[in-house]
1. Would you rank Glu247, Glu317 by solvent-accessible area, highest first, keeping every protein chain in place and using a 1.4 Å probe?
2. Under the rule a/c < 1.5 gives rounded, and otherwise a/b versus b/c splits prolate from oblate, where does region 31-71 land using the Cα gyration tensor?
3. How far is it, in nm, from the label point at Thr290 to the one at Glu87 when both lie 7 Å from their Cα along the line to the Cβ?
4. What nm distance separates the two modelled labels at Asp41 and Glu341, each placed 7 Å from Cα along Cα→Cβ?
5. Efficiency by 1/(1 + (r/R0)^6): what FRET value for Tyr302 and Ser123, r their Cβ-Cβ distance, R0 = 30 Å, to the nearest 0.05?
6. Explain nothing, just the number: dipole magnitude of the chain about its Cα centre with +1 on each Lys and Arg Cβ and -1 on each Asp and Glu Cβ, in debye rounded to the nearest 20.
7. At a 10 angstrom cut-off on C-beta neighbours, averaged per residue, how do the peptides 343-349, 145-151, 457-463 rank from highest to lowest?
8. For region 28-171, rounded, prolate or oblate, judged on the Cα gyration tensor with a ≥ b ≥ c (square roots of eigenvalues), a/c < 1.5 rounded, else prolate if a/b > b/c?
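The values are calculated or read from the model by the stated rules, or taken from the named source; none is laboratory data. Every value quoted in this text rests on a predicted model; they were computed, and no experiment measured them. Here the Cβ positions follow ideal geometry from the backbone for every residue, glycine too, while neighbour counts run over all protein chains shown. To get the accessible areas, we keep the full protein, side chains included, count just its heavy atoms, and leave off ligands, DNA and RNA. Shrake-Rupley method; radii C 1.70, N 1.55, O 1.52, S 1.80 Å.
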Amino acid sequence: MTGAIDLLLSVRGHQRVPSDTKEFHEATKRDALMRLKKDLDHLLETVEESRKCGVQKEMCGFEALYHRFLQEDGPSVEWDRIEKLPEGAVKDYSTIKSPQEGHIRDMLDKLVVVKLNGGLGTSMGCHGPKSVIPVRNDLTFLDLTVQQIEHLNKKYNANVPLVLMNSFNTDVDTEKVIRKYKGFQVHIYTFNQSCYPRISRDSLLPIAKDFDIENDIEAWYPPGHGDFYQSFQNSGLLRKFIEEGREYCFLSNIDNLGATVDIKILNRLIGDDRQGDKPIEFVMEVTDKTRADVKGGTLINYENKLRLLEIAQVPKEHVDDFKSVKTFKFFNTNNIWARLESIERVLNAKTMNMEIIVNNKTLDNGMRVIQLETAVGAAMKCFDGGIGINVPRSRFLPVKKTSDLLLVMSNLYSLKYGSLVMSPQRMFPTTPLVKLGDNHFSKVKEFLSRFANIPDLIELDHLTVSGDVTFGRGVSLRGTVIIIANHGDRIDIPAGAILENKIVSGNMRILDH
């Protein structure tokens, strides 16, 4: 059976297979689907009665995703059929009008803010949800988000709710944390995204034996943020907000500190800058691509629809074309605005058809598994009247690594009502490119121990640090600075040092760059 499974997985990269192989391939798929249904039935027998209804809904979603995974042969995009973006498909942010002050409250009362809060902080050496890592003045991602929305609500006497999409990994801890916001002027709602069984790469069947998830957490996974739409509907919140008269949700990753509510974009959707009779159902915020963003998803025109193209969908021979800054000028920030009634219509019509991301993993015990995932922006093609908006780079400020943390903790930014604002002293609106060595800087605790305080980065263009390096108090880094301590060496940058266009090597020689 293993050979058949490997054939099934490898054939996705090709568009033609010999006919006898194809028949074998089809039989393998039919067999896999029948066996999956049996396995899911056995798993459902282990669910306690009170949870059965919700779990059955989730498993229906998983089965549909699995079925599509078996059916889809070859790449989901034929490269030669990608067309140029039509005129006006991507609006420039500078052309969008600001609303009149008196209309802002009414617009905000039609908005829901959703933050994707399913990730753990393990890659940065932290326990629990990533959203509770302190990022500035001892305030966490979640603290800053709540501050931003409370400020909006107070300033305009509005009632914008905050919705957190948790995963089974973050749900319990998040529920404990949000109790502290009880006195704040913001209603917080939570719901869980789906919990799907990981599949063995060898048998193409779930590795879970029962629904005791906590007891066998490695057997389960949250299936990417594309699961938002269905889980939002399953939670009952989608219908609730529609009935309240809310029209749009603004959705973003909780670790993107630039993803604040933008009144101008809201004005384009429901204010006096709205154009035409038909509503805009879907907005993807994109920003100019730089060489640092070559792997980010981009916006394309395909089969007369705007859609998201991710690097995973690109045939190998065209990866360099995909990475080209000239060919694809924008990349997706994952800040998305979607019309609530349109989400409900697409879900009810069962036309939500997002590309499947096949995520191969190897567990600690050596078992090879597959996770079937989807991306939230991939739903764009399922909506009518979708547009891109080319926003300033300041709306994309994700904190994925400690190198990002260095930037947001530094004097490059100040904090205003939970939002980070770039210092007016910075000559360029772009952020410096920072690369910190994995061995000594990747975990937050160790990263913090290497800085007596965060250096002055106002005039920094590029920083590379590798090896056992520490920084004294009041260090200033300007231009291009490269600090490399060789194995066994240690470099201590003294307090008050000013490094401008310097290379500092293992024996503490300081050279002009």
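1. Solvent-accessible surface, decreasing: Glu317, Glu247.
2. Working: a/c = 5.05, a/b = 1.73, b/c = 2.93.
In terms of gyration-tensor shape, oblate.
3. It is 3.2 nm.
4. For the pair Asp41/Glu341, the computed spacing is 4.2 nm.
5. Values: r = 32 Å, r/R0 = 1.08.
Efficiency, from the Cβ-Cβ distance: 0.40.
6. Dipole size: approximately 1000 debye.
7. On the way: 343-349: 16.3, 145-151: 21.7, 457-463: 19.4.
Highest to lowest by the protection proxy: 145-151, 457-463, 343-349.
8. Working: a/c = 2.15, a/b = 1.41, b/c = 1.53.
Here region 28-171 falls in the oblate category.
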